[in-house]
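Structure first, then comments.
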Amino acid sequence: MRRKLVAGNWKMNGTRADLAEVQALTTAFPAPTVDLLICPPATLIAQMVTATQGHTLAVGGQDCHANPKGAHTGDISAPELADAGASHVILGHSERRTDHAETDAQVRAKAQAAHSAGLIALVCIGETLEQREAGQTLAVVGTQLAGSLPDTATGANTVIAYEPVWAIGTGLVPTLPQIAEVHAFIRADLAIRFGADGATFRILYGGSVKPSNAAEIFGVPDVDGALVGGASLKAADFGPIIAALSAA
Ligand code: 13P
C-alpha cells in the first residue's frame, strides 16, 4: 500500500514571514494521515525544520548538485541539504530543465547524489503543449523517466511527479482520463524496469492543483498525491488540498 503524499513546491517564493503559513498547517493538521512535504527556498530549509519540529511534515530542497562538494558557486549539494534537515529534494522540475537546460542525464546524476545523501528524490517529468498536440506525450514521458531515474531508485527513495509543462501555473489541467493514461503508463514502465518494486513508487500529479480540483484528481487511479506550486504558498489553499487527499 502506497502512502499518499502531498508536496508543496514554493519555488522562488518565501521569506521568514511565510513560516507562519507552515505553522498554520501543522496546527490545522496535528496528526496527518497522509505524508506532507514542503520544499521552500533553500534559505528557509533549516528554519522550517526548526519551526516544524515534532511534526511529521517533511522539508525538502528544490534542486541539488550532482557532486557532494566542490567549486560550484551558487549550487547546493545533497549532503548540505541533508545537513540543513531536508529529507527530500525535487529534481528535474521543468523550470530547471528550461531555465538551466538540465538534461535527463544530469537529473539522473543528481538523483543518484540525493540517494547517496539519504534524501528522497522527487523526479519531475512531463510534456510540453507542442509535444502533447503532436501525440508525443507517452514517448516524451517514457524517455524522461528512463533517462532521469538512476539504478539506485527504489519506491522508498524516489517519488515520480508527472507535471505537464503546459499545466504549470496556467490554470489549465489535463482531463482526468489524460491524467489516468499517463499515470498508468508510468506505473507500467516502473514495473518493467524495477519489477515488483515498481508498484511501490508514489506517482504525484502536478500542475494547477487547487482546492477546487484536488478531490477529483485524487480519485484518478495511480495518483498517489500531488506536487503543488502556487496553491501551496498559503495554508488557506494548501489545507483543503491536504484534506482532500486525506479523504481520498
Ligand atoms: P502550480 O501548482 O503553480 O501550477 O505549479 C505546479 C508545479 O510546478 C509544482 O512543482
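The values are calculated or read from the model by the stated rules, or taken from the named source; none is laboratory data. Because the structure is predicted, anything quoted here is derived from the model rather than measured. Note that we place each Cβ from the backbone using ideal geometry, even for glycine, and neighbour counts take in every protein chain shown. These accessible areas exclude ligands, DNA and RNA; they are computed on the full protein's heavy atoms, side chains included. Shrake-Rupley method; radii C 1.70, N 1.55, O 1.52, S 1.80 Å.
Scanning segment 64-97 for residues that are in contact (Cβ under 8 Å) with a residue 40 or more places away in the chain, under 17 Å from GLY206 (Cβ atoms) and open to solvent by 30 Å² or more (accessible area, probe 1.4 Å) turns up just one, GLU95.
When the helices (runs of 4 or more DSSP H) confined to segment 145-248 are screened for residues that are out of contact with any Leu (no Cβ under 9 Å at 6 or more places or on another chain), those reaching at least 3 such residues are found at 176-194, 235-247. When we screen GLU127, GLU95 for residues that are within 16 Å of the ligand (Cβ to nearest atom) and within 20 Å of ALA78 (Cβ to Cβ), the only hit is GLU95. Looking across segment 98-124, just one residue is within 14 Å of the ligand (Cβ to nearest atom), open to solvent by 10 Å² or more (accessible area, probe 1.4 Å) and either under 16 Å from GLY207 (Cβ atoms) or among the hydrophobic types (A, V, I, L, M, F, W, C) (or both), and that is THR98.
The residues listed here are ALA214, ALA247, ALA167; of these, the one that is free of Cβ contacts under 8 Å to residues at least 60 places away in the same chain and open to solvent by 20 Å² or more (accessible area, probe 1.4 Å) is ALA247.
Among residues of segment 128-152 that are free of Cβ contacts under 8 Å to residues at least 24 places away in the same chain, those with a Cβ under 6 angstrom from a residue that is open to solvent by less than 40 Å² (accessible area, probe 1.4 Å) and outside any helix (DSSP H, G or I), sequence gap 6+ or separate chain, pair up as VAL140/GLU127. For segment 1-30, which residues satisfy the criterion of being closer than 24 Å to VAL159 by Cα, in contact with a helix residue (DSSP H, G or I) (Cβ under 8 Å, 6 or more places away or on another chain), within 16 Å of the ligand (Cβ to nearest atom) and open to solvent by 40 Å² or more (accessible area, probe 1.4 Å)? Once the filter is applied, which keeps residues that are closer than 24 Å to VAL159 by Cα, in contact with a helix residue (DSSP H, G or I) (Cβ under 8 Å, 6 or more places away or on another chain), within 16 Å of the ligand (Cβ to nearest atom) and open to solvent by 40 Å² or more (accessible area, probe 1.4 Å), segment 1-30 yields only LYS11.
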